[in-house]
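Peer 1: I'd like to ask you about the structure that follows.
Rule-based calculations on the coordinates, nothing more; no lab input. The structure displayed is predicted, hence computed values, not measured ones. With ideal geometry, Cβ positions are generated from the backbone for all residues, glycine too; neighbour counts draw on all protein chains shown.
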Amino acid sequence: MGPHAALLAQSGASDDRGGRHAAILLELPASARALALGDAATAIEGDASALHYNPAQLAGVRRWSAGMSMQRHLAQSTLGAAAAARRIRGTVWAIGLQALAYGNEAEVACPIAEPDCTAGDSTGRRVSAGDIAISAGFARPVGSLRAGAAVKFVRQEIAGDAGGTVAVDAGLALPLAGGVTLGAALQHAGPSLELAGTSAALPRLIRVGAAITRPAPLSIPLHVTASADALWRRDASGSAAGGLELSWRRTSDLALHARGGIVSRAPGSAARRWSLGGAVERQRLAFDYAYHDYAFLGSVHRVGVRAWK
């Protein structure tokens, strides 16, 4: 197998939708909390990670927010994301990073007459691949609405060949009475990414979602957050996702969160429909965990930390 083919095989394995677009990174979870909620994060109350889902929800940041998370992903790859946001004179500004590093493979040289060969002589070198996205965005209230936008630079590298492009996100959110929020976002809109003479479109996505947070009855120190998303992709495929979070707060300093999510999957997908997770929160610092199973490909465990004020 040639060096590109081996790494592309890993890239395809990382995407349960088959890797039909460039920059698979943009289709993967960007937060441990969101992963545990089935990635139904379009309308949940915003922290800095809203930059990666719906930039309008950055407007929920009071003073500042920051967080990062990481997981050992499929095919020996590593997936991570980070974001930070700060409110300045009524506008929340944010920066973020997403990265996917594949494992490395032995480079194999194939005869020129056999460009599609599956065997050859080892060169003694190893080659690697990775995706990276660097984002900057903002959000502010517009009447009763929240509006936000972000611009990102997306770069993909495979075995020494690299390509990059620019994309934009835009979103709206509408907080309503009773703890209800509606949200919508357009993500990854931009020109195709060119790599090694091949052009591939970014995974443009439209998200529409709703979330509600309510206290439990009977004076139980428990809050319930439920979220639901509908997603439409560039290739006209769609999916739905939902999440539930139970938050128990015994004192003002300590809170425990239990989370679960479910998402529709394409037939034949190795990814399970459900995910689980939780968090321990103490004095505006939260440690998050999420679990997701990929059947015969194995399971992933994502850990993260968030802080805010």
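Peer 1: Can you give me the Kirkwood hydrodynamic radius for the chain, using every pair of distinct Cα atoms, in Å to one decimal?
Peer 2: Working: mean 1/r = 0.0497 Å⁻¹.
Here the Kirkwood hydrodynamic radius works out to 20.1 Å.
Peer 1: When Rg is the radius of gyration of the Cα atoms in the range 120-225 and Rh is its Kirkwood radius, what does Rg/Rh come to? Before the final figure, lay out the partial values.
Peer 2: Working: Rg = 21.2 Å, Rh = 17.3 Å.
Checking Rg against Rh, the ratio lands at 1.22.
Peer 1: Note down the Stokes-Einstein diffusion coefficient of the range 174-239 in µm²/s, whole number, using a Kirkwood radius over alpha carbon pairs, 10 °C, and 1.306 mPa s.
Peer 2: Once the numbers are plugged in, D ends up at 108 µm²/s.
Peer 1: Calculate the spin-label point distance for Ser219 paired with Arg63, positioning each point 7 Å from the Cα along the beta-carbon direction, and give it in nanometres.
Peer 2: Result: 3.3 nm between the two label points.
Peer 1: Among 88-98, 31-41, 129-139, 228-238, how do they line up by average Cβ neighbours within 10 Å per residue, starting with the highest?
Peer 2: Highest to lowest by the protection proxy: 31-41, 129-139, 88-98, 228-238.
Peer 1: Enumerate by residue number the trypsin sites (Lys or Arg not before Pro) in the range 244-307 meeting two conditions: DSSP loop (anything except H, G, I, E, B), and at most 10 other Cβ atoms within 10 Å of the site's Cβ. Could you put the intermediate results ahead of the total?
Peer 2: Numbers: sites: Arg249, Arg250, Arg259, Arg265, Arg272, Arg273, Arg282, Arg284, Arg302, Arg306; in loops: Arg250, Arg265, Arg272, Arg273, Arg284.
When the trypsin sites (Lys or Arg not before Pro) of the range 244-307 are filtered for loop state and at most 10 Cβ neighbours within 10 Å, Arg250 remain.
Peer 1: In debye, nearest 20, what is the charge dipole magnitude of the chain about its Cα centre with +1 on Lys and Arg Cβ and -1 on Asp and Glu Cβ, if you could check?
Peer 2: Charge dipole of the chain: 1620 debye, to the nearest 20.
Peer 1: Taking the C-alpha atoms of the range 199-309, how large are the radius of gyration and the largest Cα-Cα span, Dmax, in Å?
Peer 2: Radius of gyration, then largest Cα-Cα span, for the range 199-309: 16.9, 58 Å.
Peer 1: Have a look at Ala270, Ala82, Ala56 and tell me which one the Gaussian network model of the chain (Cα, springs below 10 Å) gives the largest fluctuation.
Peer 2: Among Ala270, Ala82, Ala56, the largest GNM mean-square fluctuation belongs to Ala270.
Peer 1: Which of Leu285, Ser49, Gly130 sits farthest toward the positive end of the charge dipole of the chain, with +1 on the Cβ of Lys and Arg and -1 on the Cβ of Asp and Glu?
Peer 2: Comparing the listed Cα positions along the dipole, Leu285 ranks first.
Peer 1: Less than 13 Å Cβ to Cβ from Asn54, Lys/Arg counted +1 and Asp/Glu -1: what total charge do the surrounding residues give?
Peer 2: Values: positive: Arg146, Arg207; negative: Asp39, Glu45, Asp47, Asp169, Asp229.
Combined, the nearby Lys, Arg, Asp and Glu give -3.
Peer 1: Against the longest principal axis of the chain, how steep is helix 3-14, in degrees 0 to 90 to the nearest 10, with axes from Cα atoms?
Peer 2: Taking the Cα atoms of the chain, the angle to 3-14 is about 30 degrees.
Peer 1: Next question. So how far apart, in nm, are the two label points at Trp248 and Gln283 if each is 7 Å from Cα heading toward Cβ?
Peer 2: Inter-label distance under the simple model: 2.3 nm.
Peer 1: How many angstrom lie between the Cα centre of the range 221-260 and the Cα centre of the range 24-78?
Peer 2: 12
Peer 1: Here's a follow-up. Considering the Cα positions of the range 126-186, please state its Rg to one decimal place and its Dmax as a whole number of Å.
Peer 2: Rg then Dmax for the range 126-186, in Å: 17.3, 57.
Peer 1: Let me ask something else. Say each of Ala270 and Asp293 gets a label point 7 Å from the Cα, pointing the same way as Cα to Cβ; how far apart are those two points in nm?
Peer 2: Between Ala270 and Asp293, the simple spin-label model gives 1.6 nm.
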